Amino acid sequence: MPALCSTVRDLEKLAKDDVSSLALLGRSVMHDNALTSRILRVANSAFYNKGINPVSTVSRAAVVLGFDTIRNICITAKLLTSLLENKHLSESVYQRLLELMAQSFQAAMLARMMMSDQGESLREEVFIASLLYRIGESAFWSLGGEQTEQLDKQLLATSDKIEQKSLIRAELGTSFTQLTQGISRSWGLGDVLTKSLSQPDERMPEIRCIFLANKLSDVMSQPNVNAEELHKRLSQAAEMLEISVEDMTKRIIHCGEVTHKLAVGYGAKAIVAYLPNTSDVLEHVDAPIEPTLIRQPNQGYQLTTLRQLTHYAVLKTDFNQIMKTALEGMLTGVGVDRCGVLLLSPSRKLLQPRVMMGDGAELLKQAFVIELDDPQSVFTQCIGQKKSIWVDTPTSDECKVQIDDRLVERFSQNGFLLAPLAVGHKVLGLFYADRQDSERSFEQEDYDSFTHFSELANVCFGVSMT
């Protein structure tokens, strides 16, 4: 890691010197014969050398291919070399590191492929951002020692992703994503990587490519491929590139073949066994997929449910029945994909799920725990201001949404709705709703209806408690 850090910083300095960068680049790596050899082997590979004469020096390669390309070849070669030479690791931890490196390299190649219609400079930046997307996790496993071996055993004992992330946080006091963010800032790895980590749902093409490339690489690397997840990510990538799923499949298969060859060129034969055979994996794409249920707003159902809540206010109905009816009105009446109630913990420092309805409700209920340690968080604001909030773009800086890393991907990139759940003047928790699976945005009418349900439910709560 220190050697890689030094290389990255030296290259970033050179990138700012347009006059002497090429000559300095050659001299900066000349002392490392193994690195020079790898750079030239890759620069002369069929992937980069399109029929031109072979290059024999790093500075000449930079002239032919461009400084950005050679810089990233250098970083990639140094990263793979640094991690592959960790011979002090236990066999299990080293295998985990190889799997991680293979996924990162595959994701980098996929992201670069998906940016084929963009300029070379941006394509290279996307490649390196994807390659380093999990550098925090790589750095941890490369340390070796008792802590890595202990965490490795704990992770092998469960296949539940949520539980694994909890184990990581418990052991490290942070997440791998936060480690990567720290390294990215410390090493000056650029805005593209930083934004892809902090705002993964951003619609910018480069950020979207990094996100989808990592998702595709992850799902294709699993021992048992999730056909539904694979089809979903493949469809999203095809839609972004405005091509058919069939064409996208062909591109990924070709990219997979090139990835295997280039890994050998980098001297990283050890990771080849962990790279997926894309042609075999993508056979799963034709598996039957259950159609996503899209709940459209239903005015008639809204009216019926609102009348029911009004009746509850007269009868002083049970708290749980009021909550259930209000959520059903939001789910079916407003037409959301999922909704729920999050209640404050006794310390009022956590929001914890009480009832969740809709798509993936059980998974959401297991993972949806929100810490209220940020006064700028929309969750904190909703509780403090005692009024509903419409978060249009949850990952934007303007929203200042404080979200634990485990939850980032569980929020809809098209926004979500919040409203206080209160008895009298005391807020007990929040109502939550989004349209995650269908990827639809909310309209003003949807927000007004959601707010109406929450306000009437609060009236019922108040009456039932008197």
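Can you tell me the order of 265-276, 148-159 when each peptide is scored by its average per-residue count of other Cβ atoms within 10 angstrom, highest first?
Values: 265-276: 18.2, 148-159: 14.3.
Result, highest mean Cβ count within 10 Å first: 265-276, 148-159.
For the set LYS365/LYS387; LYS165/LYS195; LYS78/LYS250; LYS78/LYS269, the pairs lying more than 19 angstrom apart at their alpha carbons are LYS365/LYS387; LYS165/LYS195; LYS78/LYS250. The order of the peptides 210-217, 310-317 by mean Cβ neighbours within 10 Å, most packed first, is 210-217, 310-317.
Simple spin-label estimate for ASP191 and SER56 gives 4.2 nm between the two label positions (7 Å along the Cα-to-Cβ direction from each Cα). In the range 297-375, taking the dipole from charged Cβ atoms about the Cα centre, the farthest positive-side position among LEU372, THR305, THR317 is held by THR317. Distance between the modelled labels on ASN277 and GLU445, one decimal in nanometres: 5.4 nm (7 Å Cα→Cβ projection).
Laboratory data are not the source of any read-out in this text; all were calculated from the coordinates shown. Only a predicted model underlies this, so the values are computations on that prediction, with no experimental measurement involved. Glycine gets a Cβ as well: all are built from the backbone with ideal geometry, and neighbour counts include every protein chain shown.
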